[in-house]
Structure formats: C-alpha cells, structure tokens
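Comments concern the structure below.
The values are calculated or read from the model by the stated rules, or taken from the named source; none is laboratory data. Bear in mind the structure is a predicted one, so any value in this text is a computation, not a measurement. Backbone-built Cβ (ideal geometry, glycine too); neighbour counts: all protein chains shown.
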Amino acid sequence: MTSRPAWLRLSREVKDSIDAGRPVVALESTLVTHGLAAPDNLRAARAAEAAIRSGGATPATVAVSDGTVLVGLSDRELEALAAAPDPLKVSRQNLAAALGRRGWSGTTVAATMIAAHAAGIEVFATGGIGGVHRGGAQTLDISADLEELARTPVAVISAGPKSILDARLTLEYLETRGVPVVGWATDELPGFFTASSGESVPHRVEDAAAAAALCRRHWSLDRAGGLVFTVPPPAAAAMAAAEADRAVEQAISDAQAAGIHGPASTPWLLSRVAELTAGRSVAANLALIEHDATIAAAVAVALSPTTARTSPA
Ligand code: PSU
Ligand code: MN
C-alpha cells in the first residue's frame, strides 16, 4: 500500500479504485471556482465526472478544503465548492498557504498534478492548460502549469493552451522543458475554441492504446515528467475562428486597459470572452471539457493493469 502525505485525503471510492489498480482520472477545480460562472461551473464539473464514469473510470475532482487537499468530491462537496464565497486559485506557489486557511480553494492544472501524483493517479482531464501569455517574453507571465508538466509524471488531456495565450511560445517552452505535446489524431495544435491554432504538434497518437504506450515509455526515462495530449474540440462545439479570434483580441486589449495581470489574468480574459461571444465560448468550453474527460477515461482504462486489453509497452 502506498503511503500518502497527511495533507491529502482521498474519497473512499477513489482510494479503493487506486489501491485496486482500477482506472482513475483526476479533474481540476479552478475551472469551477474561477474559470466558469455559476451555474455553468457546477454543470461542467458534473458533466466531466459523468463522462469519466461512462468511460469506465472513476472521477477524482481535486480541491482544497479546510487545510486538506481532497481527491474525489461527493456531489454535495462539488456544490459547496461551486458556491464557495472567496476561493483561492491554487497553484504550486500558494498550495502551502491554501493549506493553512479555512474554506474552499480551486486547484489549477499545476496543483492538481501535484495532488494526482501524490495520490497515485496517472491521468488528468481538463479544458485548457495554462501557458505563456501573449507578451510573455517581456512580462514573464508563464503559467506554473508548464513547470509542473516538466517535473510531475501525469498525463494531462486537454484542448491545449487557450487562444488567450501565445500557442507558439507555449510549445517552445514545453519543448525546452522536455514535455511531449501529443496531438490526439491530429497534427495540429487545437486552438481551444477552434480545431486549429495554426501551429503543428510534434507528436501524434491515434488511440488510447498508443497514448498509454507512449506514457509508459516516457515514464521509463530518467526524471520524466508529464505529457500533454491535445484534443481538438468536437466539431459541433467548435466556434468559427474569426469570432473566437476577434473576441480574444478584444478581451486582451480590454485587460490591458483595465491593468489586469498575474493570476487574475486567465479568469478575467475567460469571462470577458464569454461576454463578447454572448456565451458561445462557454458552450464550446463545456462541450470540450466533457469530450476531454471521455478521452482521458479511455487513456486511464488503457493504462490500468485491470482493464488494459494489450500491453504494447
Ligand atoms: N484555461 C481554461 N480555463 C481555466 C484555466 C485555464 O480554459 O479555468 C485555469 C486552469 O486551472 C489552469 C489555470 O491551470 O487557469 C492557469 O492559470 P495561470 O495562467 O495563472 O497559471
Ligand atoms: Mn500567470
């Protein structure tokens, strides 16, 4: 039995699944506390959990509550998180601070990876990862998600860096830090709201068995960290590129005018893009979170010794 740190508390269901080697998929919670407004935040969290269950895996939503990192929330806890009055947005740098505080906090990709790895979970689904912000070469606003991917061995399945970020600089940074970026049946980096960002991805897999085999080989290397699998949004949910681009450009210039920077930047831009697109960006966001969760469940099933049908590694 693995020994786990005192700050981590697994739900019974998640603990039993991990200890039995059954497939488990972690989910982040900053999208619940900061990324989406009510009631879409709770809706997205529930839809992702349901998609993981339909895919034959156990969902493990991660959040901080009263000094403990919870891995696996009950529906009642999910409701409390979604309605929390003053949640922190927790990344690696403020995880210790959040553990010294009462109330709920949402975990970013970085903090969720830390918790997933400590719990023994290898697969994690979300909508979008953080990245290098536009102008990041000057401002150094580079998400701690990228550093976490470089050091923590978890496979993150998402639609890639959102178009509020600089996709090319994000790919450069991940390459420098040794993080494989893998297209899910695509050679192009998705543009989050749209099927393509105009950038190519360095790797590609066609299915969950190939994804699992790549993870196993990567994790057999010296000091291997995470991998990023980028999944294009389902066709029905993708936005027209012109509308998405226009809204993002406008939101970025509004953010500059309003003096927004640092951790507040991503939530602010997301909510401005939602306003500017009359909620169409939110509909796309919900659909792709659910889609990413479905694919993450398939990867977790392919990685699990109890459910893998072949052992291609
Ligand atoms: N991208 C989204 N929605 C989100 C986030 C990213 O489309 O809610 C959140 C994730 O939790 C991610 C975090 O880890 O924003 C990155 O924030 P920052 O750039 O401050 O590291
Ligand atoms: Mn940042």
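As an exercise: evaluate H218 against (1) buried (at least 22 other Cβ atoms within 10 Å of the Cβ); (2) more than 18 Å from the chain's Cα centre (by Cα); (3) at pLDDT 95 or above and give the number of the one condition it does not meet.
All conditions pass for H218, except number (1).
Can you tell me which residue in the stretch 259-286 is surrounded by the most Cβ atoms within 10 Å (Cβ to Cβ), limited to those that are of a type in the set (A, V, I, L, M, F, W, C) and within 20 Å of V132 (Cα to Cα)?
V273
G35 is checked against (1) touching a residue at least 40 places away in the same chain (Cβ under 8 Å); (2) exposed (fewer than 15 other Cβ atoms within 10 Å of the Cβ); (3) of a type in the set (G, A, S) and fails just one. What number does that condition carry?
If we test G35 against (1) touching a residue at least 40 places away in the same chain (Cβ under 8 Å); (2) exposed (fewer than 15 other Cβ atoms within 10 Å of the Cβ); (3) of a type in the set (G, A, S), just (2) comes out false.
Would you confirm whether or not the stretch 51-65 contains a residue that is in a loop (DSSP other than H, G, I, E, B), within 16 Å of ligand 2 (Cβ to nearest atom), under 19 Å from D292 (Cα atoms) and not hydrophobic (A, V, I, L, M, F, W, C)?
Within the stretch 51-65 (the criterion being in a loop (DSSP other than H, G, I, E, B), within 16 Å of ligand 2 (Cβ to nearest atom), under 19 Å from D292 (Cα atoms) and not hydrophobic (A, V, I, L, M, F, W, C)), the answer is no, since none of the residues qualifies.
Which residue pairs have Cβ atoms closer than 9 Å, lie 6 or more positions apart in sequence or on different chains, and pair a first residue in the stretch 80-100 that is in contact (Cβ under 8 Å) with a residue 60 or more places away in the chain with a second residue that is away from ligand 2 (no atom under 14 Å from the Cβ) and in a loop (DSSP other than H, G, I, E, B)?
V90/S29; L99/W7; L99/G67
Could you grab me the full set of residues in the stretch 108-141 that are of a type outside the set (G, A, S) and more than 15 Å from ligand 2 (Cβ to nearest atom)? Working first, answer last.
Of all residues in the stretch 108-141, those of a type outside the set (G, A, S) come to 108-109, 112-114, 117, 121-124, 126, 129, 132-134, 138-141.
If the condition is that a residue be of a type outside the set (G, A, S) and more than 15 Å from ligand 2 (Cβ to nearest atom), then T112, M113, I114, H117, I121, E122, V123, F124, T126 are the ones that fit.
Pick from D145, D141, D207: which is acidic (D, E) and away from ligand 1 (no atom under 12 Å from the Cβ)? Show your work before the answer.
Numbers: D145 fails: away from ligand 1 (no atom under 12 Å from the Cβ); D141 fails: away from ligand 1 (no atom under 12 Å from the Cβ).
Exactly one residue qualifies, and that residue is D207.
If we only count helices (runs of 4 or more DSSP H) wholly inside the stretch 74-176, which ones have 2 or more residues that are surrounded by 17 or more Cβ atoms within 10 Å (Cβ to Cβ), basic (K, R) and more than 16 Å from the chain's Cα centre (by Cα)? Talk me through it step by step, then tell me what you get.
Working: elements: 75-82, 95-99, 109-119, 136-139, 144-151, 167-176.
Filter on the stretch 74-176 gives an empty set.
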